[in-house]
Each structure stands twice: as C-alpha cells, then as structure tokens.
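The values are calculated or read from the model by the stated rules, or taken from the named source; none is laboratory data. Note that the structure is a prediction, hence the values are computed from the model and not measured. Heads up, the Cβs are rebuilt from the backbone with ideal geometry, glycines too, and the neighbour counts pull from every protein chain shown. Protein only, heavy atoms only, side chains kept; ligands, DNA and RNA dropped before computing areas. Shrake-Rupley method; radii C 1.70, N 1.55, O 1.52, S 1.80 Å.
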Amino acid sequence: MASFSAAVSRFSSISRPNTLLQNDNKIFESQCRPFLLSRRSHSLRKGLTLPRGRESPSHRICASFTDVSPNVSVEEKKLPKGETWSVHKFGGTCVGSSQRIKNVADIILNDDSERKLVVVSAMSKVTDMMYDLIDKAQSRDESYISALDAVLEKHSSTAHDLLDGDNLAIFLSQLHHDISNLKAMLRAIYIAGHATESFTDFVVGHGELWSAQMLSLVIRKNGTDCKWMDTREVLIVNPTSSDQVDPDYLESERRLEKWYSLNPSEVIIATGFIASTPQKIPTTLKRDGSDFSAAIMGALFRARQVTIWTDVDGVYSADPRKVSEAVILKTLSYQEAWEMSYFGANVLHPRTIIPVMRYGIPIMIRNIFNLSSPGTKICHSTYNDEDRQNLQNYVKGFATIDNLALVNVEGTGMAGVPGTASAIFGAVKDVGANVIMISQASSEHSVCFAVPEKEVKAVAEALQSRFRQALDAGRLSQVAVIPNCSILAAVGQKMASTPGVSATLFNALAKASINVRAIAQGCSEYNITVVVKREDCIKALRAVHSRFYLSRTTIAMGIIGPGLIGSTLLDQLRDQASVLKEEFNIDLRVMGILGSKSMLLSDAGIDLARWRELREEIGEVANLEKFVQHVHGNHFIPNTALVDCTADSGIAGYYHDWLCKGIHVITPNKKANSGPLDQYLRLRALQRQSYTHYFYEATVGAGLPIVSTLRGLLETGDRILQIEGIFSGTLSYIFNNFKSGRAFSEVVAEAKEAGYTEPDPRDDLSGTDVARKVIILARESGLKLELSNIPVESLVPEPLRVCASAQEFMQLLPKFDQEFAKKQQDAENAGEVLRYVGVVDVTNEKGVVELRRYKKDHPFAQLSGSDNIIAFTTRRYKNQPLIVRGPGAGAQVTAGGIFSDILRLASYLGAPS
C-alpha cells in the first residue's frame with residue numbers, strides 16, 4: 001500500500017509572541033527534530049529531500065512530495081481516458097461511520113462502470129476536529145493532546161469494525177505513524193504560538209488520507225483490485241486568494257498520467273479537498289474542496305459522469321426548510337446550477353461546475369440514504385419546443401440570501417460624470433466588503449448595491465469619507481443605508497428574455513403585498529434578483545414558488561364567527577380540502593377560529609374534522625388582536641385571508657386596517673358596505689390601489705352571483721338603469737306562502753320554525769336587511785347614498801316595535817292578521833300577488849324598500865320557497881331585464897357563496913383557473 005509522502009515543503013515565518021524567551025529557538029528546534037527524524041527514512045525511501053539545519057532565522061522546514069516527473073525511468077502503463085470512467089464523490093456524512101463506509105463500498109462495487117474513480121472526504125466532524133487541534137495548539141491549550149487521542153480513537157475503532165488481518169495491521173501502523181508525527185508538529189505549534197497556512201493545510205488534510213486508505217482496504221477485502229491516491233501528488237493548484245485556488249490542468253494531467261503508470265487500477269480511491277502548489281507545498285481546495293476535487297478528476301479522466309453523493313434527494317426548487325412543497329428538480333443546466341448556488345441554494349459551488357462543463361460531463365446529485373431517488377442531473381441545457389411554451393419550465397428554482405443591507409448613493413452630480421461608479425466601488429473594495437448585487441438607474445442619478453450587514457457600517461463610513469467634498473457641495477445628496485434586507489433570486493434558462501416571466505414574478509410579489517426595494521436582472525438571462533425586507537423574505541419565497549406552480553397556492557385563513565354560517569363553511573372546507581389540494585393545487589389552512597368568547601389557534605392548520613372538540617379542549621380566551629397576529633404572522637404562508645361570518649359592525653370596522661396590512665377579507669357581513677359612505681369609499685379605494693382583495697358576494701343574495709354580475713355589466717361598459725329584486729329569502733318565503741285562507745302570523749311562525757328568520761323575526765320584517773342590500777347595490781352602481789336615504793316600509797306593526805322580546809312579538813302578531821289579510825285580498829282581487837322588494841333607481845339616483853303588487857305572470861310572482869330574484873334593467877337589457885334567480889337564504893348557500901369567494905381569491909393568487 002502506498003504511504004502518503006512527506007509532509008510540508010515550507011512553513012514560512014513562524015512568529016513567536018514576545019513572552020517567549022530568546023532561547024525558545026532551541027526548544028522549537030528540539031521539538032521539531034522528532035518529526036524531522038521520523039520522516040527522514042520514509043522521505044529517503046520516497047525520494048524526498050529534507051533539510052539538515054536551519055534554512056534561515058525564520059526556521060523554515062522543507063519537504064517535498066514524490067517526484068513523479070516524466071524523467072523517472074519506469075515501465076509505464078498509459079492512462080485510458082474517456083467514458084469507461086465514472087467518478088463518484090462521497091462527503092463526510094457518507095463515510096461518517098463504519099457502516100456508512102460499508103455502504104459506500106457496496107455502491108462502488110455495484111456500479112457497472114468499467115473503471116471507477118472515487119473521491120472521499122474525511123469522516124464527518126474530523127476536519128473540524130483537525131482545525132480544533134491547530135486552534136488549541138496555537139492558543140497553548142494542552143488539551144490538544146487529548147483531542148488528538150480522540151482523532152486516533154475514532155479512526156482506530158472504525159478500522160477495527162471494517163478490517164482484519166494484514167489490512168488492519170497495515171492501516172493501524174500508518175495511522176499511529178501519522179499521529180506520532182502530528183503530535184510532534186502540534187507541539188511545535190504549541191511552542192511557537194502560531195501555525196502558517198501551509199502547516200495548517202497539511203495537518204487538516206490527514207482526515208482525507210485516512211478515509212481513503214480505509215475505503216480502499218475495504219474494497220480490496222471484497223476481492224476487487226483497488227489503489228488509493230494521495231491527490232497532493234497529482235493535483236497542482238495556484239492559490240489566487242485566501243479562499244480560492246486555480247487548478248493547473250496541464251501539470252495535473254501530466255502528474256496523473258505518471259501516477260497511473262505506476263499504480264494502474266480499475267478502481268481508484270482518491271483523497272478530496274487536498275492538493276499541492278507548484279512549489280510542492282500542501283494546500284487545500286478551500287470551500288467545497290471535495291466536490292471540486294471530483295470535478296477536476298472528472299475532467300482529467302474525461303469521465304462519463306461525476307456523481308456527487310450527499311444526504312438529500314437532489315437539488316430542490318427552493319429551500320425545503322422554508323418551502324415545504326419544494327420539489328426535486330430532475331435537471332439543471334450548468335448555468336442554472338451555479339446561479340442557484342451563488343444565491344445560497346444547496347447546490348454545487350460554481351467553481352465545481354467549471355471543470356466538467358468544459359467537456360460536457362454531467363454531474364448527478366444523489367442521496368446515499370435513498371438510492372431509489374434518481375437525483376438531479378446537471379448538464380448542458382436541453383430545452384425543447386414544449387418547454388418554451390411553458391413559463392414554469394423557464395423558472396427552475398428560487399434561492400435567498402439573508403442578513404444584507406442596501407447602500408444607496410444618489411445625487412444629481414453623479415449623472416454623466418466618468419469614474420463615479422469606479423470611485424464608489426473602489427471605496428468598497430478598500431474596506432474589503434463583498435458586493436452581492438448592484439442596481440443603477442439609467443439616469444445615473446443613483447447607484448444602490450447590497451453588502452453583508454456586518455460590513456455595511458464600514459462601507460458607509462468609507463463612502464462618507466470618500467465623497468465628503470461632493471456631499472458638502474450638494475453634488476451628492478446622500479449615502480443612505482437600508483438595513484434588514486434579503487435577496488430573492490429566481491433562476492432559469494433564458495428566463496429574463498421570455499415574455500411574461502418577469503411580469504408573473506412581480507405580480508406574485510405584489511399579490512402577497514411584498515414591497516420590492518431594488519431589482520437586478522442580468523443580461524445573462526439566468527436570474528432575476530429582487531431585494532425585499534428581511535421579515536418578508538420567506539413570505540416572498542413562498543409566494544413566487546407557488547405562482548410558478550412549483551407548490552400549492554397556500555392561504556392562511558382565520559374564520560371569525562363559528563355560528564351557523566361559519567360552522568357550515570368550516571364543514572364545507574373540511575369536505576373539500578383533499579379535492580382542492582389534489583385537483584386544483586389549492587391548500588386552504590385554517591390557522592384560527594374566533595368566537596365571541598373563545599378562540600382556537602394552530603401553527604400548522606386546524607384539523608377541521610375535530611375543530612369543535614379542539615375548541616373545547618385547547619381553546620383560549622378570545623382576543624381579536626392576538627388572533628389576527630397569529631393568522632397573519634406565519635411567514636411560511638405568503639397569503640392571509642380573514643373570513644368574517646358575523647353581522648358585527650365592530651368587526652367590520654377593522655377591514656380597512658387588515659387590508660392595509662396585506663390581509664385579504666371575505667365576508668357576508670353587510671355592515672361595512674352599508675355603513676357610513678366614507679367607510680365604504682375608503683375600502684373600495686384601497687381595494688383598487690392594492691393587490692389586497694376584499695370579496696363580499698354573500699352580502700347580497702347569499703350564494704347568488706349578484707355583485708359579480710353587476711360588476712361584469714359595469715366593467716364591460718353597460719349602463720345600469722334600475723335594479724329591482726326580492727332580496728330577502730325570509731320575506732320571499734313568507735309572501736310565497738301567504739295566500740288566501742292563511743293568517744300572516746301563522747306563516748311568520750312557520751318561517752321561524754323552519755329557521756328562515758332571525759331569532760327575532762322583527763329583524764327581517766323591519767326591512768333593514770333588505771335596505772342594506774339595496775344600499776350596497778346602489779353604491780356598487782356608483783350612487784353615493786347613505787342608508788338613511790333609503791325609505792323603508794316596515795312590516796312590523798308600529799305598536800309591536802317596542803315589544804320586549806321576540807316571544808312577546810309573536811304572541812301579539814295575530815292581532816294584526818286582519819290588516820295583512822286585507823292587503824292580500826286586495827291584491828288577489830286584482831289578479832296580483834304581494835312581494836316585498838328593494839329597488840335601486842340609478843337614473844333618478846334613489847332607492848326604496850317597500851311592499852309591492854305584481855301581476856301573476858310577472859317573474860317575481862313565479863317564485864317558490866325562499867328564492868331570491870333580481871332584475872337588472874340596463875342599456876343592453878332594457879326591454880328584457882337580466883334576471884338572476886335562486887336560493888337566497890340558508891346556511892348552506894350562504895357558506896357556499898363565501899367558499900366561492902375564497903376560491904376566487906385563490907385563483908387571483910395563482911391557482912389554476
């Protein structure tokens with residue numbers, strides 16, 4: 001088995017704190033000596049050169065890796081490249097235990113590829129443990145010794161689970177040898193109080209060496225020829241910054257061919273994360289280094305495919321922790337993948353994609369814990385004609401970046417002045433801040449950009465200092481900071497140049513009442529970026545995700561008034577919930593139910609099959625403010641609707657505030673629209689100015705489409721002349737059954753017994769309810785009338801209006817039967833019937849509620865039961881009025897009308913129509 005070659009080429013400038021004595025140089029040298037001596041025989045065996053004394057006063061320790069230059073004379077075996085190779089990469093979680101390493105070995109052995117290269121990370125947590133060793137040693141914390149023992153124990157126990165015989169002995173011998181060297185090196189760091197980056201990289205890279213060796217021995221144990229590769233002998237990189245390196249592909253390819261000529265095998269286990277510089281100094285590939293290693297190897301081998309094994313099923317359309325309905329994407333283009341990863345999605349780092357993109361090598365993201373999942377394929381774009389016709393296919397996913405601040409530099413002196421932008425971003429660069437997004441108005445009047453919130457103070461101070469003279473002179477008006485921001489990015493192939501995508505995106509945000517603070521759309525056509533308030537970020541993410549049909553249109557609902565109508569609505573929602581989810585992509589979640597005395601709240605949605613029992617068991621004291629905050633405060637659901645099923649004018653008084661907060665309101669409560677005119681006008685103005693919806697179809701005619709019919713006529717340019725109708729189901733029932741031979745009080749008692757009247761029938765007979773419906777339709781038609789402007793003929797005999805109770809009223813009503821019987825008989829003698837109607841005379845700008853007589857062939861005379869009928873006389877329907885007829889009373893039809901408004905809201909918010 002190849003043993004990994006010598007250690008560090010150069011540990012530069014190990015500085016010592018002032019507290020060390022001058023003779024610490026001797027102590028440092030004596031502590032390093034065991035490391036140097038222990039490595040000498042091994043290094044000579046590998047053809048390495050080690051120094052015999054001080055190189056310089058800064059104590060540079062030198063070593064070099066195996067020289068695998070082509071000048072070495074060996075019998076070479078040429079490296080076969082191409083599609084016979086498949087590359088697999090397993091992260092730390094995948095090799096986190098002995099059982100998981102066995103699972104990895106099974107996957108490799110079951111892969112039917114002719115040749116396999118496997119890149120492995122250190123066991124989970126080991127890299128952190130190695131960095132912790134360095135930190136402890138640098139801070140002179142002697143617990144680094146016990147921490148190193150823990151590293152030894154972790155790998156020793158794993159090896160005992162996996163290996164036996166010679167294989168176990170070989171690995172343990174190498175492990176103890178490495179631990180001994182590390183102990184000496186850490187002691188040197190402990191004395192010096194400092195470790196260079198090269199020293200750190202060398203120490204940290206041991207985790208990958210050990211996991212690669214163990215995995216290769218497990219595969220060998222199964223009878224398969226296998227070699228392990230220390231990629232520091234092959235991968236050559238040039239550091240370009242503290243967190244980035246550039247691979248030297250030509251030199252790496254040369255070294256790979258030489259390595260393979262000495263170690264030919266059809267299965268190679270390679271270390272991820274680590275590499276070396278052209279000067280043979282150990283280094284790492286920085287962030288996501290193992291993924292990067294796999295991609296580089298895939299490119300060097302010209303592999304058929306690179307599979308990245310992880311603990312998720314693939315790339316999601318959005319963060320599943322924020323959008324529970326996020327879906328696994330089957331494919332992504334290379335460009336889409338790196339756009340999403342830049343914006344924080346759990347995808348490959350952009351640099352990981354570059355090596356394989358050059359050769360068109362696909363990357364598969366798969367879940368090692370769910371082999372049945374096909375995963376996500378990242379490859380060249382494969383859009384077809386069908387995709388081009390579907391906006392959903394243009395938008396692949398959404399990602400967010402939090403904890404940002406916007407910096408806005410504006411002033412008239414910026415326009416047309418060369419170098420202004422350069423000066424701005426030069427100042428930002430000088431403080432080392434990272435600019436995430438830039439947006440500039442075409443007028444050049446302002447430039448705004450996003451930076452991490454932790455860096456914004458330094459940026460603002462630098463800009464204030466840099467432009468102090470321009471600010472004092474008024475050429476710049478301000479350098480403003482807008483804190484608490486987040487970025488939302490929509491990513492997709494050619495998305496920005498596709499008509500309708502941007503409109504759909506911003507429409508979804510508007511309908512969720514999300515204010516966009518800044519916009520950036522790159523000409524690359526792969527992303528549209530918006531800046532929103534941090535508290536709106538999740539809500540915005542869910543709103544756009546839902547709008548593009550990547551998840552259900554979800555509405556958080558609060559039901560106010562679980563009386564007869566409210567409870568019927570809840571039962572209808574319960575019965576239809578599964579159908580709405582499966583067939584219409586609508587998820588209606590009742591987050592709260594508020595009664596007059598108690599309320600029931602839920603964070604995930606109330607079980608509507610048990611809401612009555614739950615209200616008894618866990619209900620709490622009713623509190624309207626807390627109720628609204630709970631329903632609307634769930635940022636995981638972008639849309640909120642409150643359904644007021646009461647007849648309470650106090651509740652109606654809150655509608656305007658709720659709409660201002662972005663809460664949609666649906667109600668059968670007539671009090672808001674028939675109350676003070678200025679209140680109605682404010683609500684309608686707010687409704688027209690925002691994307692917050694206010695639906696009240698059930699305020700007139702229960703479930704009949706009366707308000708929507710009226711609006712449809714007006715919106716299409718028709719002119720309303722008159723609206724006449726029987727608006728009360730209760731009074732319709734009474735006069736349909738008040739015929740010759742029957743007493744009026746008897747019919748009223750029958751209607752009360754059947755549940756058609758209010759508990760006190762005077763509420764119906766007074767005509768006030770009809771008057772409210774008349775005033776609503778009058779206002780919808782453009783008339784500015786108050787309820788007091790409508791003359792109402794009350795059917796409650798004047799002496800009975802002061803009765804103390806409904807029971808007393810019903811007892812005394814028979815005394816007035818003769819009066820009603822005469823009216824009925826007079827109508828009968830004239831071949832007519834009595835009907836209680838409301839009339840909106842738009843031409844003369846007035847309304848009336850009264851008892852009228854109609855010929856028996858009139859449509860109003862043809863009613864039965866509790867039906868309502870409304871006749872629209874318009875410019876188009878002048879000779880033959882447009883008639884809407886149907887049940888106008890009862891809990892079922894009223895709740896159905898409310899339910900219809902809820903579904904209309906869902907369609908406006910993005911559900912399929």
Restricting attention to segment 641-664, which residues are of a type outside the set (F, W, Y), farther than 20 Å from S567 by Cβ and in contact with a Phe, Trp or Tyr (Cβ under 8 Å, 6 or more places away or on another chain)? L659, H664
Have a look at Q818, Q811, Q880, Q825 and point out the one that is assigned to a loop (DSSP other than H, G, I, E, B), farther than 30 Å from Q687 by Cα and either among the polar types (S, T, N, Q) or without any contact (Cβ under 8 Å) to a residue 40 or more places away in the chain (or both). Q880
Considering only residues that are under 21 Å from A105 (Cβ atoms) and among the β-branched types (V, I, T), which ones fall in segment 262-298? V267, I268, I269, T271
When restricted to T331, T310, the only residue over 20 Å from K286 (Cα atoms), touching a strand residue (DSSP E or B) at 6+ places or on another chain (Cβ under 8 Å), at pLDDT 90 or above and of a type in the set (V, I, T) is T331
Mind checking which pairs have a first residue in segment 319-348 that is at positive phi and touching a residue at least 12 places away in the same chain (Cβ under 8 Å) and a second that is open to solvent by 10 Å² or more (accessible area, probe 1.4 Å) and among the hydroxyl-bearing types (S, T, Y), Cβ under 7 Å, 6 or more apart or different chains? G344/T400
Failed condition for A804, given (1) part of a loop (DSSP other than H, G, I, E, B); (2) open to solvent by 10 Å² or more (accessible area, probe 1.4 Å); (3) touching a strand residue (DSSP E or B) at 6+ places or on another chain (Cβ under 8 Å): (3)
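Suppose the filter is assigned to a helix (DSSP H, G or I), of a type in the set (A, V, I, L, M, F, W, C) and surrounded by fewer than 16 Cβ atoms within 10 Å (Cβ to Cβ); does V579 pass it? Let's see the steps before the verdict.
Values: assigned to a helix (DSSP H, G or I): yes; of a type in the set (A, V, I, L, M, F, W, C): yes; surrounded by fewer than 16 Cβ atoms within 10 Å (Cβ to Cβ): yes.
Yes.
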Please enumerate the residues belonging to segment 751-801 that are of a type in the set (G, A, S), part of a helix (DSSP H, G or I) and open to solvent by less than 60 Å² (accessible area, probe 1.4 Å). A751, A771, A778
Scan (1) outside any strand (DSSP E or B); (2) within 30 Å of N110 (Cβ to Cβ); (3) among the aromatic types (F, W, Y) for the single condition W228 breaks and write down its number. (1)
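Hey, could you check segment 320-360 for residues that are part of a helix (DSSP H, G or I) and among the polar types (S, T, N, Q) and say which is nearest to the chain's Cα centre (by Cα)?
If we filter segment 320-360 for residues that are part of a helix (DSSP H, G or I), which is where we start, we get 334-342, 350-357.
So of that shortlist, the ones also among the polar types (S, T, N, Q) come out as 335, 341, 352.
Numbers: Q335: 21, S341: 15, T352: 25 Å.
Ranking the qualifying residues of segment 320-360, first place goes to S341.
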Name the pairs whose Cβ atoms lie under 6 Å apart, with the first residue in segment 759-775 and hydroxyl-bearing (S, T, Y), the second open to solvent by 30 Å² or more (accessible area, probe 1.4 Å) and assigned to a loop (DSSP other than H, G, I, E, B), and 6 or more positions between them or separate chains? S766/S794
Return the pairs, sorted by first residue and then second, in which the second residue is part of a helix (DSSP H, G or I) and basic (K, R), the first residue lies in segment 131-144 and is closer than 19 Å to D201 by Cβ, the beta carbons are less than 6 Å apart, and the residues are 6+ apart or on different chains. Y144/K136
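Would segment 862-874 turn up any residue that is free of Cβ contacts under 8 Å to residues at least 60 places away in the same chain and open to solvent by 10 Å² or more (accessible area, probe 1.4 Å)?
Taking segment 862-874 as the starting set, the residues that turn out to be free of Cβ contacts under 8 Å to residues at least 60 places away in the same chain are 862.
Narrowing further to those that are open to solvent by 10 Å² or more (accessible area, probe 1.4 Å): 862.
Yes, the conditions are met somewhere in segment 862-874.
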Out of I179, I170, I189, which single residue is over 45 Å from the mean Cα position of the chain (by Cα), aliphatic (A, V, I, L, M) and open to solvent by 60 Å² or more (accessible area, probe 1.4 Å)? I170
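Can you tell me how many residues within segment 428-459 are part of a helix (DSSP H, G or I) and surrounded by fewer than 20 Cβ atoms within 10 Å (Cβ to Cβ)?
Number of matching residues: 7.
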Determine which single condition V95 fails, assuming it passes every other condition in (1) in contact with an Asp or Glu (Cβ under 8 Å, 6 or more places away or on another chain); (2) in a loop (DSSP other than H, G, I, E, B); (3) at pLDDT 95 or above. (1)
Being part of a helix (DSSP H, G or I), small (G, A, S) and open to solvent by 10 Å² or more (accessible area, probe 1.4 Å): is that true of G703 here? no
Which condition number in (1) of a type outside the set (V, I, T); (2) in a helix (DSSP H, G or I); (3) open to solvent by 10 Å² or more (accessible area, probe 1.4 Å) is the one that S732 fails? (3)
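May I ask you to verify whether V218 is part of a helix (DSSP H, G or I) and either of a type in the set (A, V, I, L, M, F, W, C) or free of Cβ contacts under 8 Å to residues at least 40 places away in the same chain (or both)? Talk me through it step by step, then tell me what you get.
On the way: part of a helix (DSSP H, G or I): yes; either of a type in the set (A, V, I, L, M, F, W, C) or free of Cβ contacts under 8 Å to residues at least 40 places away in the same chain (or both): yes.
Here the answer is yes, as V218 does meet what is asked.
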What pairs come up if the first residue lies in segment 647-673 and is at negative phi, the second is of a type in the set (A, V, I, L, M) and in a loop (DSSP other than H, G, I, E, B), and their beta carbons are under 6 Å apart, counting only those six or more places apart or on different chains? N669/A647
Members of segment 607-640 found to be open to solvent by 10 Å² or more (accessible area, probe 1.4 Å), more than 17 Å from G563 (Cβ to Cβ) and assigned to a loop (DSSP other than H, G, I, E, B), listed by number: D607, A609, R610, N623, G633, N634, H635, F636
Got a number for residues in segment 508-555 being modelled with pLDDT of 85 or more and assigned to a loop (DSSP other than H, G, I, E, B)? 4
For the structure I just gave you, tell me whether N403 is surrounded by fewer than 21 Cβ atoms within 10 Å (Cβ to Cβ), in contact with a strand residue (DSSP E or B) (Cβ under 8 Å, 6 or more places away or on another chain) and part of a loop (DSSP other than H, G, I, E, B). no
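Would you call L851 in a loop (DSSP other than H, G, I, E, B) and touching a residue at least 40 places away in the same chain (Cβ under 8 Å)? Working first, answer last.
Working: in a loop (DSSP other than H, G, I, E, B): no; touching a residue at least 40 places away in the same chain (Cβ under 8 Å): yes.
No; evaluated as a whole, the condition is false for this residue.
For every residue, the table says whether it meets (1) of a type in the set (K, R); (2) under 30 Å from S690 (Cα atoms); (3) at pLDDT 95 or above.
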{"site": "E828", "(1), (2), (3)": "no, no, no"}
{"site": "Y836", "(1), (2), (3)": "no, no, yes"}
{"site": "K846", "(1), (2), (3)": "yes, no, yes"}
{"site": "V849", "(1), (2), (3)": "no, no, yes"}
{"site": "S866", "(1), (2), (3)": "no, no, no"}
{"site": "Q880", "(1), (2), (3)": "no, no, no"}
{"site": "A889", "(1), (2), (3)": "no, no, no"}
{"site": "A911", "(1), (2), (3)": "no, yes, no"}
Since H160 meets every condition but one in (1) open to solvent by 60 Å² or more (accessible area, probe 1.4 Å); (2) over 16 Å from S97 (Cα atoms); (3) not acidic (D, E), which condition does it not meet? (2)
Failed criterion for G865 (all others in (1) over 15 Å from Y733 (Cβ atoms); (2) in a loop (DSSP other than H, G, I, E, B); (3) not β-branched (V, I, T) hold): (1)
So, of the residues in segment 314-337 that are of a type in the set (A, V, I, L, M, F, W, C) and crowded, with 23+ Cβ neighbours inside 10 Å, which turns out to be nearest to I354 (Cα to Cα)? A337
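How many residues, within segment 460-507, are outside any helix (DSSP H, G or I), closer than 30 Å to H380 by Cβ and either open to solvent by less than 10 Å² (accessible area, probe 1.4 Å) or of a type in the set (A, V, I, L, M) (or both)? Steps first, answer last, please.
Step one: filter segment 460-507 for residues outside any helix (DSSP H, G or I), giving 467, 474-500.
Pick out the ones that are also closer than 30 Å to H380 by Cβ and you get 487-500.
Now narrow it down to the ones that are either open to solvent by less than 10 Å² (accessible area, probe 1.4 Å) or of a type in the set (A, V, I, L, M) (or both): 487-492, 495-496.
Counting residues in segment 460-507 that are outside any helix (DSSP H, G or I), closer than 30 Å to H380 by Cβ and either open to solvent by less than 10 Å² (accessible area, probe 1.4 Å) or of a type in the set (A, V, I, L, M) (or both) gives 8.
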